[in-house]
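The values are calculated or read from the model by the stated rules, or taken from the named source; none is laboratory data. None of the values given here were measured: they were computed from a predicted structure. Backbone-built Cβ (ideal geometry, glycine too); neighbour counts: all protein chains shown. The area values use the complete protein model at the heavy-atom level, side chains included, leaving out ligands, DNA and RNA. Shrake-Rupley method; radii C 1.70, N 1.55, O 1.52, S 1.80 Å.
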Number of protein chains: 4
Amino acid sequence: MAALFRGSRNLLLRWNKHVDLAFVLSRSMASKTPVGFVGLGNMGSPMAKNLLRNGYPVIATDVFPESCKELQETGAQVVDTPADVAEKADRIITMLPSSPNVIEVYTGPNGILKKVKKGTLLIDSSTIDPAVSKEMALAAEKMGAVFMDAPVSGGVGAASMAKLTFMVGGVEEEYNAAQELLTCMGANVVYCGQVGTGQAAKICNNMLLAIGMIGTAETMNLGIRLGLDPKLLAKILNMSSGRCWSSDSYNPVPGVMEGVPSANNYQGGFGTTLMAKDLGLAQNTATNTKTPVPLGSLAHQIFRVMCSRGYANKDFSSVFQFLREEESQ
Amino acid sequence: MAALFRGSRNLLLRWNKHVDLAFVLSRSMASKTPVGFVGLGNMGSPMAKNLLRNGYPVIATDVFPESCKELQETGAQVVDTPADVAEKADRIITMLPSSPNVIEVYTGPNGILKKVKKGTLLIDSSTIDPAVSKEMALAAEKMGAVFMDAPVSGGVGAASMAKLTFMVGGVEEEYNAAQELLTCMGANVVYCGQVGTGQAAKICNNMLLAIGMIGTAETMNLGIRLGLDPKLLAKILNMSSGRCWSSDSYNPVPGVMEGVPSANNYQGGFGTTLMAKDLGLAQNTATNTKTPVPLGSLAHQIFRVMCSRGYANKDFSSVFQFLREEESQ
Amino acid sequence: MAALFRGSRNLLLRWNKHVDLAFVLSRSMASKTPVGFVGLGNMGSPMAKNLLRNGYPVIATDVFPESCKELQETGAQVVDTPADVAEKADRIITMLPSSPNVIEVYTGPNGILKKVKKGTLLIDSSTIDPAVSKEMALAAEKMGAVFMDAPVSGGVGAASMAKLTFMVGGVEEEYNAAQELLTCMGANVVYCGQVGTGQAAKICNNMLLAIGMIGTAETMNLGIRLGLDPKLLAKILNMSSGRCWSSDSYNPVPGVMEGVPSANNYQGGFGTTLMAKDLGLAQNTATNTKTPVPLGSLAHQIFRVMCSRGYANKDFSSVFQFLREEESQ
Amino acid sequence: MAALFRGSRNLLLRWNKHVDLAFVLSRSMASKTPVGFVGLGNMGSPMAKNLLRNGYPVIATDVFPESCKELQETGAQVVDTPADVAEKADRIITMLPSSPNVIEVYTGPNGILKKVKKGTLLIDSSTIDPAVSKEMALAAEKMGAVFMDAPVSGGVGAASMAKLTFMVGGVEEEYNAAQELLTCMGANVVYCGQVGTGQAAKICNNMLLAIGMIGTAETMNLGIRLGLDPKLLAKILNMSSGRCWSSDSYNPVPGVMEGVPSANNYQGGFGTTLMAKDLGLAQNTATNTKTPVPLGSLAHQIFRVMCSRGYANKDFSSVFQFLREEESQ
């Protein structure tokens, strides 16, 4: 460990990062000192509880008093603002709905950066535009703090059971410190590269997932129309080059698999609205980097139309139902 | 076996199929009697050779004399027309480029059905419109013969090594007889259902394959633009819900995998023209059955444009290259 | 006129068409001899009545006896089959729902070609695949008859008021003879070129119409969301490069124009099912000629999905409504 | 005029806008006082010259000294920064490439808002995201200034000949003052509504234009493949419901029209890169307002791919060429 840190230090010096090493080292070594947590929603709340379960004192805040109260009852200290969190903790995790919230929580009038201590490690697990992650990292660096993006895959269930996957972007020598905390909340932690690449990995995966899901839905629908048995068709695809996660692990056709949303009227799972949001991020990112994403764009449009046609809160695999002929016709 | 056939006979009688059972039984049991083969192209030629290797006398024909001559040298008997093949064999396999060829070979002036014997088993391994397969089956039934569609997946290499996968559609009681021959030429034989479902399964698989490939290409491209290492991104996708055959077994990004066309300047593999042809079949089938296939349609258009932009003979995974920014820009 | 015919005759000889000129000339000059009419649906019936109004005896048939009876009451002679029509008339117009009907009416067991007289002029006003028109023309030529395709634009109202537009494909020297009849039923008759080009023109126009309509719908929707007044936006588009028929003559947004389906809850007009059918023809034609039509394909998919979501019988401009956010959300 | 201003004043008071009316009135009435101009590129430079021609003293700046020098020689006063312009002029026009430039020029360290005088009228003719226009308007309002967005349609030629069309968004009572200046540079000035609606109108028009152009290109290509003469097909479309600006005023097929880029190897006109940029704005705006724009999205992707395939600097109607089969195939 010491050797590893020596190596990191050299890297830091070589790369000329403006981070005060003395602070970094003192923080990283004091592992059970308090951890700050901002954003106690459906995901953030179970994540914070898992930190408490692992023996970390948690100093938390949220705009909704009820969310704060609930966490307080499980042992967290609640403060008023993100700035207050920053005053009391030198490791802070944020879990927020979208880019504007992240900007507000970090750079707003009561934001973390108003009172952040030098060397503080800031880990943002929100799913946002990687460009915003980069902005936040720059703003943090100016205050002598370190910002990493660490969006998750996995839903509320995975958050409760500490089974999330974290995709982490940021300076490599901070990765160990981040990993120490993230492993309390997740089963997989993957280092992706510079700041923003965690978001990039998340967005890329979900874009390909969306494409595979719509593709599976229209393929299964076509096959059924042509007289194929759905289970047999799924089996053939899964032993062939058409295989994908949506065909073999989350088949959208009712009756093909057990224990997936299609077996339960598309309840639970990953809502169409959330998928549309992630595809919006992918689209913005692709537009801003001038990257053509023809199928990703069309997938975005399809889930967007579905949100307007009554599918907003159903699992995104309900695209199979959306594309089927109505029964009355 | 006898019991199975008795069962089949009952089924046949119950279903009132107009096939003369006496002929069917006599043919199926005489397993090393000659097999007819029409269509000795890149795929048909090695398939016919595998029948010879398995001890079946082969009676073959093709419009190109050179193809005939080559097979003759390996022991086949060559005749002039499909009708001549039908006169001499009561099991015939056809492997042709497209629907019009199949129509000609079966129903043309020198076609198989002009001289087909009652009870003959006709197996078409061409990839064509399932509606044409159904037409051929009806025409064969009128002559007392049985038609099955059995398109393949796998390329020239798989054909040579008898590693093809056959997807078979047709009356179930004939499946055993078909399987006996097809296992000489392939590693997997899958029964899909009524006539045309073999084609349906093939078309469905390739449509989803095309969608997955373009999706993988644009996702990998986006991720690379956002700063992710291609190998790392592929690894993340493959352990997550973005996983598909194109990402984990045939990655389109040079440098990510060995032994795939992307590692060899997109040479070999499955040509863009062939993929465009299969997507055209999928599109026609979807249009005729009024089935929406939004991503399948767009995939078709993309491979069609690629055919016009110099990618016709490259492997279809070259869509990654097609979507990349040109280096000079 | 005589000079023109002399010219035509020379052309005919030069082009080596296998049409017996003596028959052609005798038929074309006898203008008020009976005209055959096959297909007395919503469109065919008013078209046939306009021939009667113009003094032409009409010999008609249809599969529905009621349709025949109604036309009989207005003075037509009704016969049993298309073959019977061919026996009694040497100019025949057909107006049928789709390609299979056309094939049956011309080449079926009781079809026109069973009893067609040499030199008969056959005009098909159905909207079908141009490839089928070409097949019919070849079949007719073998019998010494002349086939032209002449699909219409304009609906039932235009048919009643003889305001249809005919797009005509076929040998140019027959165009005058066709025009004589078509002008009784339509306001515009346009010669498009060889057989099939009438269909091609119709299909092309409707594909671009569909693209323009969806484009207008999504553009108006976006503008409204961005705070623009719909009437003002339509005005700006119509004086700018965004202008198209759907924006300036058939605006899909309720309240922007009077007297269009969007002003009447999308009733009347051109049904989404019919547009989806025409786009299916365009798609098949494009697929078969390997022509990329990315927006045309996507337009097809969108109208196809709309047919499954309750919009089948609404005017196709209801795509505006389909793309709007639902009010309850 | 006086009456009109009295009315405006009442409106202003009623709407409780935080603009100091005394300043507004004094500025608007002094019509030949200096006008500021920031951004002297291909478009800005001829626009500024037209102000000079109309007798307005111009105080200008640009990041490129050569651009400044050129305008100086035609009589403008050149200063160092946007802030310097703001110090000397109470009416300022900005014409910049993209959103980040606008943000910098208005709110940067040497930006207009650093030294803007109360009541100053700020008119931004850049084509940018309407959300940025709204932000700039808010920032200007805080300084007691008024911001309007006034993007143009028309290229460099129209800019030189003062034939631009301006689409103006902002508070209505300032419209007259803006119009006074804009009419020196353009032939049409259209008031669109609140701040950002000028951008919205521009973006909407260009999105529909892009859709119509690609639609026209693929329709013409399909028709030609089906045997139609291009000029005849264009004529048929233009008298029918397929008509649009791209078919009747800017046809993309060489040989159909004179004096358009397709007649000149797609040189001049409106570059594919610029269209891709505008479609990127439309896409971002649609994504952020959750508006489905399926054809607009696909159009964006197509022009984006074209930029990577050598069409970046050709007129956007070269999409016809992009979709054609290559001659060598």
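The figures follow:
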item: The stretch D:165-177, residues that are open to solvent by 10 Å² or more (accessible area, probe 1.4 Å) and either within 8 Å of chain C (Cβ to nearest Cβ) or within 13 Å of the chain's Cα centre (by Cα) (or both); result: D:Thr165
item: Leading residue by the ranking (surrounded by the fewest Cβ atoms within 10 Å (Cβ to Cβ)) among those in the stretch C:307-329 that are part of a helix (DSSP H, G or I) and more than 8 Å from chain B (Cβ to nearest Cβ); result: C:Gln321
item: Long-range neighbours under 6 Å by Cβ, at least six apart or interchain, first residue within 17 Å of A:Pro57 (Cβ to Cβ) within the stretch A:67-84, second at pLDDT 95 or above and open to solvent by 70 Å² or more (accessible area, probe 1.4 Å); result: A:Val78/A:Gln72
item: Close pairs from the stretch D:154-176: first farther than 22 Å from D:Lys134 by Cβ, partner basic (Lys, Arg) and not in a helix (DSSP H, G or I), Cβ under 7 Å, at least 6 apart; result: D:Gly154/D:Lys163
item: Tally of residues being closer than 22 Å to D:Leu226 by Cβ and in contact (Cβ under 8 Å) with a residue 40 or more places away in the chain across the stretch C:137-153; result: 10
item: Subset of the stretch D:276-306 [open to solvent by 10 Å² or more (accessible area, probe 1.4 Å), of a type in the set (S, T, N, Q) and within 9 Å of chain A (Cβ to nearest Cβ)]; result: D:Asn284, D:Thr287, D:Asn288
item: Selected residue (criterion: surrounded by the most Cβ atoms within 10 Å (Cβ to Cβ)) from residues of the stretch A:223-249 that are part of a loop (DSSP other than H, G, I, E, B) and more than 7 Å from chain B (Cβ to nearest Cβ); result: A:Met239
item: Sole exception among (1) open to solvent by 10 Å² or more (accessible area, probe 1.4 Å); (2) at the interface with chain B (Cβ under 9 Å from one of its Cβ atoms); (3) touching a residue at least 60 places away in the same chain (Cβ under 8 Å) for A:Glu180, by number; result: (2)
item: Among (1) crowded, with 20+ Cβ neighbours inside 10 Å; (2) at pLDDT below 95 - the single one A:Glu66 does not satisfy; result: (1)
item: The lone exception for D:Thr272 - which of (1) touching a helix residue (DSSP H, G or I) at 6+ places or on another chain (Cβ under 7 Å); (2) within 13 Å of chain C (Cβ to nearest Cβ) it fails; result: (2)
item: Some residue of the stretch D:143-156 being over 29 Å from D:Gly242 (Cα atoms) and at pLDDT below 95; result: yes
item: Residue list for the stretch A:192-208, restricted to those being more than 13 Å from the chain's Cα centre (by Cα), open to solvent by 10 Å² or more (accessible area, probe 1.4 Å) and either at the interface with chain B (Cβ under 7 Å from one of its Cβ atoms) or not aliphatic (A, V, I, L, M) (or both); result: A:Gly193, A:Gln194
item: Every residue from the stretch A:34-55 that is surrounded by fewer than 22 Cβ atoms within 10 Å (Cβ to Cβ) and touching a Lys or Arg at 6+ places or on another chain (Cβ under 7 Å); result: A:Pro34, A:Gly55
item: Residue selected from the stretch D:138-159 under the condition of a type in the set (A, V, I, L, M, F, W, C) and in a strand (DSSP E or B), by the criterion surrounded by the most Cβ atoms within 10 Å (Cβ to Cβ); result: D:Phe147
item: Test: residue in the stretch D:271-291 that is more than 23 Å from D:Pro230 (Cα to Cα), outside the structural domain of D:Ser133 (by TED's automatic domain parsing), β-branched (Val, Ile, Thr) and not in a helix (DSSP H, G or I); result: yes
item: Single condition B:Ala162 does not satisfy, out of (1) part of a loop (DSSP other than H, G, I, E, B); (2) touching a Cys at 6+ places or on another chain (Cβ under 7 Å); (3) buried (at least 23 other Cβ atoms within 10 Å of the Cβ); (4) not basic (Lys, Arg); result: (3)
item: Enumeration of residues in the stretch D:258-275 that are among the aliphatic types (A, V, I, L, M), open to solvent by less than 50 Å² (accessible area, probe 1.4 Å) and more than 19 Å from C:Leu237 (Cα to Cα); result: D:Val260
item: Test: D:Met220 is open to solvent by 20 Å² or more (accessible area, probe 1.4 Å) and more than 7 Å from chain C (Cβ to nearest Cβ); result: no
item: Where A:Gly255 falls short, out of the listed (1) more than 7 Å from chain B (Cβ to nearest Cβ); (2) in a helix (DSSP H, G or I); (3) open to solvent by 30 Å² or more (accessible area, probe 1.4 Å); result: (2)
